[in-house]
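What follows is a single structure, written as structure tokens, with notes after it.
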Amino acid sequence: MAEKLVVIGAGMASGRLLEQLFEKAPGAYDVTLFGAEPRGNYNRIMLSPVLSGEKTFEEIITHDADWYAEHGVACRFGEAITGVDRARKVVVSAEGETPYDKLVIATGSMPFIIPVPGHDLAGVVTYRDLDDTNAMIAAAAKPGAKAVVIGGGLLGLEAAAGLRLRGMDVTVLHLMPHLIERQLDPAAGYLLQKELESRGIAIRCRANTHEIVGDRKVEAVRLDDGTEFPADLVCMAVGIRPATALAKEAGLACGRGLHVDDQMITSDENILAVGECVEHRGACYGLVAPLYDMAKVAAETLAGEAAAYEGSLTATKLKVTGVDLFSAGDFAEGEGREEIVFRDPARGVYKRLVVEGDRLIGAVMYGDTGDGNWFFGHIKDGTDISEMRETLIFGPAFAGGTPLDPMAAVAALPDEAEVCGCNGVCKSRITGAIAGGATTLDAVRAETKASSSCGTCTGLVEQLLAFTLGDAYAAPEAKPMCGCTDLTHEDVRRLIKSRELKSMPAVWQELGWKTSCGCHVCRPALNYYLLADWPLEYADDPQSRFVNERKHANIQKDGTFSVVPRMWGGITTPQELRAIADAAEKYNVPTVKVTGGQRLDLLGVKGEDLPAIWADLNQAGLVSGHAYAKGLRTVKTCVGTDHCRFGTQDSTALGIAIEKRMWGSWTPHKVKMAVSGCPRNCAEATCKDVGIVCVDSGFEVGVGGAAGMDVKRVEPLGKTETAEEAMDLVVAFTQLYREHAKYLDRPYKWLAKVGLDWVREQVVDDLENRKALVERFDLSQRIFQKDPWAERANAETEKKYRPIADLTLEAAE
Amino acid sequence: MSQWIDIGALEDIPVRGARVVRTRVGCLAVFRTGADEVFALADRCPHQGGPLSEGIVHGRAVTCPLHNWVISFETGEAQGADDGRVPTYPVRLEAGRILLDATAVAQSAAA
């Protein structure tokens, strides 16, 4: 006689289990199938095309009424199970009790709802089943309707893409810095974001939802920072939790999910479980492949065969039409792990393989995922890839081939082969130009435009030069920024501007970075370039700054810090001095030093005391002196006409005005200024980065002085009649320096490269340009002219500056 | 035997950043990588004792803020031409919490 099998949950896992079971042991069981939804098994992962309108629900049904009838399955859809009585081996529902010999729990998962205020308003949906999908389709029917999707993971993005195709105005809010952070690295996340944005989906990362606003019905989503996004529909797709309530109540062993052994048997030998509700060897799965693996093993167990599930490696694809994205295995970096990265910026392709020893262990691909399953196969099989490593990233088409000598490869290129994808320049154009006398890279660029846009084909063009000219070609000795790229600082700056690269991952991807997240050399430089060029769009990254700028204090050799409050133009008051003295005593500052920039340095402050000492100094009206910054340091002054019998102008007031206008601005390197009231030059203005010397007839502005490892006198930039114009010259010069100089070049080094004449043209002669430079400086100041002490003198920062934990007490116990 | 002590949440450490744990054997730096992995090292550069917790984190390594030595998280060894090593300590993540093996820390005190 057939045994009674009851299955709770009519989703994809139990559906696959039944298919397998009927095949292996036909007639062995009488099956009763309960499902919470009023319908049978359908292909849940194909809901995205249903949402977008590319498929109908009928097309994604896996098991229809005929199939259930054919296999004698008693279907009890829409009937919720309220309990399991294991002692009596019955399940309880509204209709009564149903006995079982074997029970399969496949209750799946529940969408996680963030418990923010307003989460229960009408119009807030999750994205889990057909009803959710239909609710979203209905909401999209209203013309001009706006949707906010909370969660930029796989599910959230599929929802967003579908809603957008339905004509909704869609915004995705994602808590993490990049999309699908669990399956993608930042570079692929960046490409995906770019693609989705080009489809009209607004994406906001680092967005922490504070509240869903509305009166009974949803009206908007508000973030922590107060930003509001109007919404007629809010879709929460932040994750899933295994649905274990029923199993827990029945007393089955549960952790995050319902515990099963390798045979998919729970803590009760007559109860099996499969699918998203399961926890196996500590892992819960939310992708379909592992569920199918589990279903197979459970079917075999039920059929009396020996079988074992040993966990699954997962691979992910995003089901948004036209977006190619694939990830599999483990793609974190690490010692002993090497990465092979291929980027084709023009086509928007990114591929990264992670190799450990002779094995491929992870793969992330974007834009061209055709080889994804081939790589996934090698990951699963642990194939020894040492033989094909050189060409591995090019996929099966090249596998095992011998790598070409680059010179032979370039020689072998046909004449019509495209070398520069950005400008559509083929090989023969370039060799023709070289034959016509363009014998340097710059000349080829000028003649053909090859490698003049993104620059990634520069190497290829250089090989063509070398191949065509032979020994006559002398390669330029441009120094790359660091080991992560072959581009120079100047190249990178130019490309950031011309290609409007506004984030770190954008630079890494579009400019073909060889590492996944840069290094300590390029990251601070890139952070500066991005914030200088895109003050409104780029978010400063403290983790890409040297410690001094991250901590807003100068680290000393013993790990303590120095604190330097600003003294505008070197002028102070008894009250300020008293506050500094009090702070020095209160925090046991061992050394107080008068600096060369006319202010006081408190040396030897402990890192964790910084926020408190800042708060005390803030109280007295003192702000950070940025003594640690690649930015404006000091404007040194003399007493000028106020007190000095030789003074010709009010140098103190001008110095203070400059400092008040320019403090807080970030520059490629530190900038020190001075204003002297007469040519006796007591403020030593002639050896500063920018120095003004007042004379009877006006103000002489000099730039590019130095008094460090090099000593240099300033060169005259221009002379003005008024203090206002002198200030304009100083601001415009600084902005030009901010926009063009290489990171860590002081102005004198930059001037030696670009020439004073060019700078004069830009700043002195071209009045329109001067005005524009001043405007751009002032715009940037609106963002960055904030006292970092005031922003950090709070309990929150104080916590971050303290140790995360103190184990000295515990260890003593 | 290991004794895992909860020292805080992953979120308490900035991505590509570090926080300090004070112990009887001195300060440890607990790092969080761009891929959300955690590592614990003595917070003293083998070169001149610089606080590694204040360095720039890239890949599975940190650059000391004092003189730019690059220290591997996995081995504690200085990379490239520099020669030196800092002790590393077992640390792991569980449900978003950072667990440090106090026994290993105590043993290094005894050694």
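FRET efficiency for the A:ALA752 to A:GLU775 pair, using the beta carbon distance and R₀ = 22 Å, is estimated at 0.20.
Overall, the protein assembly as shown carries a charge dipole of about 2660 debye about its Cα centre when +1 sits on the Cβ of Lys and Arg and -1 on the Cβ of Asp and Glu, all other atoms neutral.
Where in region A:257-365 are there GluC sites (Glu not before Pro) that are in a DSSP coil and have at most 16 other Cβ atoms within 10 angstrom of their Cβ? Here the GluC sites (Glu not before Pro) that fit, given the DSSP loop and packing criteria, are A:GLU269, A:GLU305, A:GLU310, A:GLU335. Estimated from the Cβ-Cβ distance and a Förster radius of 41 angstrom, the FRET efficiency linking A:LYS786 and B:LEU10 is about 0.90.
Treating r as the C-beta distance of A:ALA308 and B:CYS27 and R0 as 51 Å, the FRET efficiency rounds to 0.65.
From least to most packed, judged by other beta carbons within 10 angstrom and beginning with the fewest, A:TRP614, A:TRP666, A:TRP534, A:TRP513 follow the order A:TRP534, A:TRP666, A:TRP513, A:TRP614.
Please work out whether region A:648-793 counts as rounded, prolate or oblate from its C-alpha gyration tensor, where a ≥ b ≥ c are the square roots of the eigenvalues and a/c under 1.5 means rounded, while otherwise a/b larger than b/c means prolate and anything else oblate?
rounded
Fewest neighbouring Cβ atoms within 10 Å first, the residues A:TYR473, A:TYR528 line up as A:TYR473, A:TYR528.
Both radii come from the Cα set of region A:122-266: Rg as radius of gyration, Rh as Kirkwood radius; their ratio Rg/Rh reads 1.05.
Of the GluC sites (Glu not before Pro) found in region A:41-147, those in coil by DSSP whose Cβ has at most 11 other Cβ atoms within 10 Å are A:GLU95. Each label was represented as a point 7 Å from its Cα along the Cα-to-Cβ direction; for B:SER2 and A:SER498 these points are 5.3 nm apart. Taking a straight line from the alpha carbon of A:LYS557, these lysines sit under 23 Å away, with near neighbours fewer than eight places off in the same chain left out: A:LYS586, A:LYS593, A:LYS606, A:LYS630, A:LYS670, A:LYS800. As a rough footprinting exposure proxy, the listed residues A:LYS24, A:LYS636 were ranked by other beta carbons within 10 Å of their own, and the order from fewest upward is A:LYS24, A:LYS636. Helix A:522-533 and the longest principal axis of the C-alpha atoms of chain A enclose an angle of approximately 70°. Centroid-to-centroid, using Cα positions, region A:577-622 and region A:137-188 are 49 Å apart. Pairing the Cα long axis of helix A:130-140 with the longest principal axis of chain A, what angle in degrees results, from 0 to 90 and rounded to the nearest 10? With both axes taken from Cα atoms, the answer is about 50 degrees.
Is the shape of region A:1-126 best called rounded, prolate or oblate, per the rule: a/c under 1.5 gives rounded, else a/b larger than b/c gives prolate, else oblate, with a ≥ b ≥ c the square roots of the Cα gyration tensor eigenvalues? It comes out oblate by the Cα gyration axes. Within straight-line reach of A:LYS497, meaning a Cα separation under 16 Å, sit the following lysines at least 8 residues removed in sequence or on another chain: A:LYS742.
Rounded, prolate or oblate: which one fits chain A, using the alpha carbon gyration tensor with axes a ≥ b ≥ c (rounded when a/c is under 1.5, else prolate when a/b beats b/c, else oblate)? Prolate shape, in that a/c is at least 1.5 and a/b is the bigger ratio. The trypsin sites (Lys or Arg not before Pro) of region A:126-189 that meet both conditions, a loop assignment by DSSP and at most 13 other Cβ atoms within 10 Å of the site Cβ, are A:ARG182. What the Cα convex hull of chain B gives, in volume per residue, is 92 Å³.
Read the figures in this text as sums done on the coordinates, not as results from a lab. In this text the structure is predicted, and so the values were computed from the model without any measurement. Glycine also receives a Cβ, built like all others from the backbone with ideal geometry; neighbour counts cover every protein chain displayed.
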